[in-house]
1. How about the range B:284-296: which of its residues are open to solvent by less than 50 Å² (accessible area, probe 1.4 Å) and under 12 Å from residue B:264 (Cα atoms)?
2. Can you tell me which residues in the range B:261-283 are under 15 Å from residue B:294 (Cβ atoms), open to solvent by 10 Å² or more (accessible area, probe 1.4 Å) and assigned to a strand (DSSP E or B)?
3. Restricting to the range B:305-321, give me the number of residues that are open to solvent by less than 10 Å² (accessible area, probe 1.4 Å) and at pLDDT below 95.
4. Could you say which residue among A:150, A:155 is more than 15 Å from the chain's Cα centre (by Cα), more than 8 Å from chain B (Cβ to nearest Cβ) and within 30 Å of residue B:400 (Cα to Cα)?
5. Counting only residues that are of a type in the set (Val, Ile, Thr) and open to solvent by less than 10 Å² (accessible area, probe 1.4 Å), which one in the range B:43-86 is nearest to residue B:192 (Cα to Cα)?
6. Quick one: residue B:380 ticks every box in (1) aliphatic (A, V, I, L, M); (2) over 30 Å from residue B:292 (Cβ atoms); (3) not in a loop (DSSP other than H, G, I, E, B) except a single one, so which number is it?
7. Of the conditions (1) more than 20 Å from the chain's Cα centre (by Cα); (2) within 13 Å of chain A (Cβ to nearest Cβ), residue B:399 clears all except one; give me its number.
8. I'm told residue A:92 meets every condition in (1) more than 7 Å from every other protein chain (Cβ to nearest Cβ); (2) over 20 Å from the mean Cα position of the chain (by Cα); (3) not hydroxyl-bearing (Ser, Thr, Tyr) except one. Can you identify the failing condition by its number?
Amino acid sequence: MLRIRNLHVEVDSRPILKGLDLDVGAGEVHAIMGPNGSGKSTLAQVLAGREDYRVTAGTVELDGRDLLAMAPEERARAGVFLAFQYPIEIPGVNNAYLLKAALNAQRKARGLPEIDAFEFMKLIGAKLEAMQMSRDFLHRSVNEGFSGGEKKRNEILQMLMLEPRLALLDETDSGLDVDALKIVANGINSLRSPERAIVLVTHYERLLELVVPDYVHVLAGGRIVKSGDRALARELDERGYDWIQAEAAAS
Amino acid sequence: MSEMLIERQFERQKDTLPGAFEPRKRALAAFLERGYPTRRDEAWRYTDLKPIAEAEFDAPAAADARTRERVRARVEETAPPADATRIVIADGLVDEALSTPPNEIALARLVGDERLDRIGRTAASAHPLALLNRAFARDGIRVHVAAGKAATAPLEIVLVASGNGRIAQHPRIVIDLERNAALDVVVRAIDLDDAEGWLNVVFDVVQAEGSRLRIFRLQEHGDRLDSTSFLSARLDKDASLVAGYVDLGGRVTRNDIDVELAGPGASADLFGVFVASPGRHVDDEIHVDHAAPHTRSETAFRGIADRDGRGVFRGKLLVRPGAQKIDARQSSDNLLLADKAEIDTRPELEIYADDVKCSHGATVGELDEDQMFYLRSRGLDADSARALLTFAFANVLLGRLEPAPLRERAVARVAGGLAGLVEWESLR
């Protein structure tokens, strides 16, 4: 589904990704781990289409289409969803409006009719329940005055509504207490299906206890330096990242 | 030269102006001493009154049956609020046939009433446009709410420009709230068709101890009407005032608000939103005078300017000597949608007491890139995201408007082409 080859990205003229390769197939869950500053968030943002991150070399294909040539909204409509590490506050726009506008923009792009108010309320009601969020939440401004945990839950709620084909979750586990982490993990797991792929960017192992990945990759110095399965995540949790960086440097 | 024009207008109209002539003459003389403000005047640095000063205006005449019907239709079509009692002032004259006065609060027409003069006894009388209003006012109302009484429905005052000639109208609204009285007022300014002219309205408010007044004003003039408004309010101990202004139309619009917090515990919440679309000029000049200790105020204005639209905000906070324990906040945030658009904002603090909490901030900027990316990453195209963020910028303050039908109309007007928005806003 997602095919990344030799990706080089600069942020403020500083190279961050330096030749990254990654393949993610339908139905798979990948975890990308790595020390701070290794480029994990940059990767997530570049895939979602952030324009001030400059791609200097490499290709990214989504189902054979050139992802890098697409505007952020085209990527969303093609099924890419980024759960932000720091969700943006938008005072003056309520959550219900954003959810409905986003859903309809994507439905329209797929040739589906707009969802009517009744269907929408029914759908959102079920998702709110799944995320254990109260209905008042719909009438609050997007992320404004939310706690860190509420913001993360809101990202997952949006994801459940939009049902993306490729979900990118950027440090969604950070800042969550144990209960909230479980709710978020359940939300993510509910989306697992043979048609969908999920990429979890994290530097803790604890989310991966709840959302078990098929593959674990280590991103360091702007490249994937090691790939493995769930056992790799455990090893990283115990031993840290230094040995991998040393290993990578040696090769 | 433009002062000569106004003298000539006064000469022509003087025999038809109701009530005592002397106070009018005095007001005109006081105006002429300094004449129209110019851009050398600090308070008028960005607003040129020339289009008004150099125009020939007609005197208003009572509406004929046909005009009245059209006014009625226009008032209905621009509707809210539903349960309000209503006073229609067309071309500066109260139209009793179109008005549904409340029976729970005392209303009097101000034709020739000596209470017109009250404003002449306050510091606010120095305002040049208030002086012209005093010289030329033909009509208006006095609203009086007795001690301890709270009006159950808002009082709607609709100011209409009929477009029967190029009319200068100077209505005057006097509001007196006795001890612990409470009132909501909705002011709507509208035109028939593409009316040309000048609306120069004065609100003269006096609030006794513990009284509560809220004024929400929606201005929807067309492209050829100039609009100036002056609100002077004096608040005694523990009185509170909320004033919310929304300016969406007009050619030149200038709003002055002048609030004196005269007794301890008095508080004022002033907010405003303007959209200076192409060809429009909007200027808000907001003064808050903390004349007593333990008073609070919040002033929050937001402006949007597009293409050659032009906006101005100046806020003056004054804390007088000895006025301790003050909480005063002021903010002016502005959004430019095009390169040629311009908004000038000047928050000013003058503080002569030491135990006070004051803050102010002003921003002029463009849409936030992070917000744009967030919305687009959810599937909204760039144009929709821009429109939504522009709306949201205004909506932060529009949400404070009351009652709901007025808020919904303002929201709908600002939201423009954003389909479905009103429906969701009304879920609040």
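1. B:290, B:291, B:292, B:293, B:295
2. First, the residues of the range B:261-283 that are under 15 Å from residue B:294 (Cβ atoms): B:261-268.
Then drop every residue that is not open to solvent by 10 Å² or more (accessible area, probe 1.4 Å), which leaves B:262, B:264-265, B:267.
Residue satisfying the conditions is B:267 alone.
3. So in the range B:305-321, the residues open to solvent by less than 10 Å² (accessible area, probe 1.4 Å) come out as B:305, B:309, B:311-313, B:315, B:317, B:319.
From what is left, the residues that are at pLDDT below 95 are B:305, B:309.
Selection size over the range B:305-321: 2.
4. On the way: A:155 fails: more than 15 Å from the chain's Cα centre (by Cα).
Only one candidate passes the filter, namely A:150.
5. The first filter runs over the range B:43-86 and keeps only residues of a type in the set (Val, Ile, Thr), leaving B:47, B:52, B:67, B:71, B:75, B:78, B:85.
Then drop every residue that is not open to solvent by less than 10 Å² (accessible area, probe 1.4 Å), which leaves B:47, B:52, B:67, B:71, B:75, B:78.
Working: B:47: 26, B:52: 20, B:67: 9, B:71: 7, B:75: 9, B:78: 11 Å.
Filtering first and then ranking leaves B:71.
6. (3)
7. (1)
8. (1)
The values are calculated or read from the model by the stated rules, or taken from the named source; none is laboratory data. Predicted model, so just to flag it, every value in this text is computed and none were measured. Glycine gets a Cβ as well: all are built from the backbone with ideal geometry, and neighbour counts include every protein chain shown. With ligands, DNA and RNA removed, areas are computed over all heavy atoms of the protein, side chains included. Shrake-Rupley method; radii C 1.70, N 1.55, O 1.52, S 1.80 Å.
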